Amino acid sequence: MGTDKDTRTMNFNDINGNNSIIIRRCNLEDLEGVIEINEKELPEDYPYFFYKSILDNFNESFLIAVDIDGNVVGYIMWRVEKVPAIDSLKISNKGHLVSIAVVKGYRRLGIAKALLTKSMEEIKKKIIDEFVLEVRVSNYAAINLYKKYNFSSQSIKYKYYRDGENAYYMVCKAK
Ligand code: ACO
Ligand code: ZN
């Protein structure tokens with residue numbers, strides 16, 4: 001108790017009664033597990049330095065789910081982007097959901113909901129105007145999840161993915 005790591009650990013005892021899953025911030029040692037999940041569960045892979053830069057710059061909202069044996073079973077990562085607003089001189093702050101995934105054997109337990117809830121609380125502290133993300137138009141499970149968090153599709157990004165699939169650009173106002 002009392003170490004830096006301990007205070008940064010968040011225990012979730014309410015994931016559908018499954019108290020063996022912990023949601024906490026990602027550390028450097030966890031990156032390997034995160035990358036493994038990404039490569040297994042999503043067709044969009046990133047180089048190591050990309051994960052590292054998210055970890056270095058947006059550590060507060062880079063969260064992982066860990067099972068009782070210490071295995072990483074889910075992750076979520078965001079970045080904050082400053083974008084000039086189209087209709088004014090103001091800069092708009094967007095919380096961009098870069099990636100979320102949960103290992104197959106651990107799905108439908110509420111882990112993604114726990115990761116989203118906790119990380120969005122962290123992103124909100126950065127005074128953002130909206131949360132944004134892209135999702136494959138065929139990704140029913142993820143679209144359903146985002147709708148639960150009041151995301152709605154604002155536009156379609158045509159051929160957004162390398163295999164030619166379109167993306168919904170989904171937005172949720174932060175205030
Ligand atoms: N069918 C329909 N709705 C679903 C499904 C499904 N198979 N899975 C999740 N949902 C929706 C439901 O609304 C669900 O709420 P409910 O269980 O009360 O009905 C809600 O999502 C939350 O469910 P969780 O249990 O919290 O979600 P889970 O931990 O299973 O993770 C996720 C959901 C992350 C989409 C998972 O299926 C996954 O890892 N998929 C592969 C990776 C992926 O597609 N990631 C998103 C890419 S887009 C991006 O990263 C920006
Ligand atoms: Zn994106």
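The values are calculated or read from the model by the stated rules, or taken from the named source; none is laboratory data. Since we're looking at a predicted model, the values are computed, not measured. Reconstructed Cβ throughout: ideal geometry from the backbone, glycine too, with neighbour counts over all protein chains shown.
Whether a residue is within 14 Å of ligand 2 (Cβ to nearest atom) and surrounded by fewer than 17 Cβ atoms within 10 Å (Cβ to Cβ) was assessed, and Tyr161 passes this test. Please name all residue pairs, on different chains or six or more residues apart, with Cβ atoms under 6 Å, provided the first residue is in region 161-175 and is more than 15 Å from Asn139 (Cβ to Cβ) and the second residue is of a type outside the set (Phe, Trp, Tyr) and surrounded by 18 or more Cβ atoms within 10 Å (Cβ to Cβ). If the second residue must be of a type outside the set (Phe, Trp, Tyr) and surrounded by 18 or more Cβ atoms within 10 Å (Cβ to Cβ), the pairs left are Val171/Val132; Ala174/Ile128. Picking from residues in region 104-151 that are in a loop (DSSP other than H, G, I, E, B), free of Cβ contacts under 8 Å to residues at least 24 places away in the same chain and among the polar types (S, T, N, Q), the one that is nearest to ligand 1 (Cβ to nearest atom) is Asn139. Can you find a residue that is modelled with pLDDT under 85, farther than 29 Å from Lys82 by Cα, not basic (Lys, Arg) and not in a strand (DSSP E or B) anywhere in region 19-33? Among the residues of region 19-33, at least one is modelled with pLDDT under 85, farther than 29 Å from Lys82 by Cα, not basic (Lys, Arg) and not in a strand (DSSP E or B), which makes the answer yes.
Scanning region 34-77 for residues that are of a type outside the set (Gly, Ala, Ser) and assigned to a loop (DSSP other than H, G, I, E, B) gives Leu42, Pro43, Glu44, Asp45, Tyr46, Pro47, Phe58, Phe62, Asp67, Ile68, Asp69, Asn71. Out of region 78-101, which residues are aliphatic (A, V, I, L, M) and either in contact with a Leu (Cβ under 8 Å, 6 or more places away or on another chain) or not in a strand (DSSP E or B) (or both)? Once the filter is applied, which keeps residues that are aliphatic (A, V, I, L, M) and either in contact with a Leu (Cβ under 8 Å, 6 or more places away or on another chain) or not in a strand (DSSP E or B) (or both), region 78-101 yields Ala85, Ile86, Leu89, Leu97, Ile100, Ala101.
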